[in-house]
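A.B. asks: Here you go, one structure.
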Amino acid sequence: MRKVSFPYMGTSYIPIAKLMKAFGNEVVLPPRPNSETISLGCKFAPEFACYPFKIVLGTYVQVLEAGADTLVSTGGVGPCRAGLYTTLQEKILKNLGYKFEMITLEPPGRHFSDLMASIKKLINARLSFRDYINIGRFIWKELTLLDRAERLSHKTRPLEAKKGETTRVYKKCVDLVAKAESIKELAEIEREMELLYGGIEKKDFDPVKIGIVGEIYVLMEPSANLEIEETLGELGVYAERSMFLSGYTVSNAVMDLFHMAGERDVKKLASPYFKEMCGGHGRESVGNAVHFARRGFDGLIQLSPFTCIPEIVAKSILPRVCEESGMGFLSLTLDEQTGKEGVRTRLEAFVDLLFAKRKKMRLSSAKSQLAKEMS
């Protein structure tokens, strides 16, 4: 039996842990990234490695110290350095004296046989075809429910009458999903989730809408982005990020394998601005910015790890996209030196500007309408 662990990213640890256990492995749960995680990552990582690299490396040290003997992560293709991160992290950790196996799950569209070989290593239980179907159904339902709970929290938080109520309900929903053991339980939790969010007292308020784009890890891991979505919600903003794990899984597994449209639709939206692959999620950041603009969002925030080349490329284009569509734009670069209060101050100023801009536009529209009626 392997003692398996993996990087911590949002609530993904819940379905991943269930999947690893269903495959017959013991799971060493990664801790939520904290100051110790970041300190360890910065101590052993190259100085100019990006923030996600350092956080994940620090997490690996923690889980290896806790007894893990197998580390599982994803690979990648293209110019982004992330495709080589597991190789470099493995070398660093083995030079430190840790004994383990690194299993990298490569994208199926280009490395299908390698992916199957890696998955086979992780299956240490006798499972029938029916078992695989049941495991797949359960894990997928759990994953989509966790994303659903988070989406509802983003919609509800700017409207809550009692500060903190949405966060309390969200944590309760995550806990319920984490404890579920069957599809039937998940179906009941789904109904309860709707009731819990529906029971939150809400104000009659029209929030500013801000889209969030950027590199996947800082986009989806709250400890890396300093809980930006929660902060924006408390400031009266409906924040919607461009990426959730369920959608990312479909796009980069199923659709990539069968060469179907998925993220390529977003890339098509980005094509008027640039068509070349720059690695990571740089091109997707631009395409999703266009998507948010077409949906009438007031502003856009880009989250970028310091030294992230794909997002640096995107950052040179996003101001033009936002200017042409009338959206406000704010780029936040994140690393181990970034402070939460400093980020909050910038967010407050940005949100105030967006509210003032909306008020000015509505006043101008009202004056124009009045002039038409009087003429």
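A.B. asks: In contact (Cβ under 8 Å) with a residue 12 or more places away in the chain, assigned to a helix (DSSP H, G or I) and either surrounded by 20 or more Cβ atoms within 10 Å (Cβ to Cβ) or not small (Gly, Ala, Ser) (or both): is that true of Tyr60 in this structure?
C.D. replies: yes
A.B. asks: Could you check how many residues of the range 13-57 are under 16 Å from Val218 (Cβ atoms), surrounded by 19 or more Cβ atoms within 10 Å (Cβ to Cβ) and not aromatic (Phe, Trp, Tyr)?
C.D. replies: Going through the range 13-57 one residue at a time, the tally reaches 12.
A.B. asks: Yes or no: Met20 assigned to a loop (DSSP other than H, G, I, E, B), over 14 Å from Asp335 (Cα atoms) and out of contact with any helix residue (DSSP H, G or I) (no Cβ under 6 Å at 6 or more places or on another chain)?
C.D. replies: Against the criterion (assigned to a loop (DSSP other than H, G, I, E, B), over 14 Å from Asp335 (Cα atoms) and out of contact with any helix residue (DSSP H, G or I) (no Cβ under 6 Å at 6 or more places or on another chain)), Met20 does not qualify.
A.B. asks: Test each condition in (1) at pLDDT 95 or above; (2) out of contact with any Ser or Thr (no Cβ under 6 Å at 6 or more places or on another chain) for Pro33 and report the one that comes out false.
C.D. replies: It fails just one condition, (2).
A.B. asks: Could you check the range 52-79 and list, in sequence order, the residues that are touching a Cys at 6+ places or on another chain (Cβ under 8 Å), modelled with pLDDT of 95 or more and over 25 Å from Lys121 (Cα atoms)?
C.D. replies: Lys54
A.B. asks: If you check Tyr85 against the conditions, is it touching a residue at least 12 places away in the same chain (Cβ under 8 Å) and in a loop (DSSP other than H, G, I, E, B)?
C.D. replies: Judged against the criteria, Tyr85 is not a match.
A.B. asks: Could you tell me whether any residue of the range 315-330 is under 20 Å from Glu230 (Cα atoms), charged (D, E, K, R) and without any contact (Cβ under 8 Å) to a residue 60 or more places away in the chain? Steps first, answer last, please.
C.D. replies: Let us first name the residues in the range 315-330 that are under 20 Å from Glu230 (Cα atoms), namely 328-330.
Among the residues that remain, those that are also charged (D, E, K, R) are: none.
Taking every residue of the range 315-330 in turn, none turns out to be under 20 Å from Glu230 (Cα atoms), charged (D, E, K, R) and without any contact (Cβ under 8 Å) to a residue 60 or more places away in the chain.
The rows are residues; the columns are (1) in contact with a His (Cβ under 8 Å, 6 or more places away or on another chain); (2) among the aliphatic types (A, V, I, L, M); (3) at pLDDT 90 or above.
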residue	(1), (2), (3)
Glu240	yes, no, yes
His281	no, no, no
Ser285	no, no, yes
Val290	no, yes, yes
Asp298	no, no, yes
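A.B. asks: Quick test of your reading of the structure: Lys99 fulfils all but one of (1) surrounded by 11 or more Cβ atoms within 10 Å (Cβ to Cβ); (2) touching a residue at least 12 places away in the same chain (Cβ under 8 Å). Name the failing condition by number.
C.D. replies: Condition (1) is where Lys99 drops out.
A.B. asks: Ok, one more. Looking at the range 204-235, which of its residues are part of a loop (DSSP other than H, G, I, E, B) and either modelled with pLDDT of 95 or more or buried (at least 18 other Cβ atoms within 10 Å of the Cβ) (or both)?
C.D. replies: Correct list: Pro207, Glu215, Glu221, Leu226, Glu227, Leu235.
The values are calculated or read from the model by the stated rules, or taken from the named source; none is laboratory data. These numbers were taken from a predicted model, which means no experiment stands behind them. When we count neighbours, we look across all protein chains shown, and the Cβ atoms used for this are built from the backbone with ideal geometry, even at glycine.
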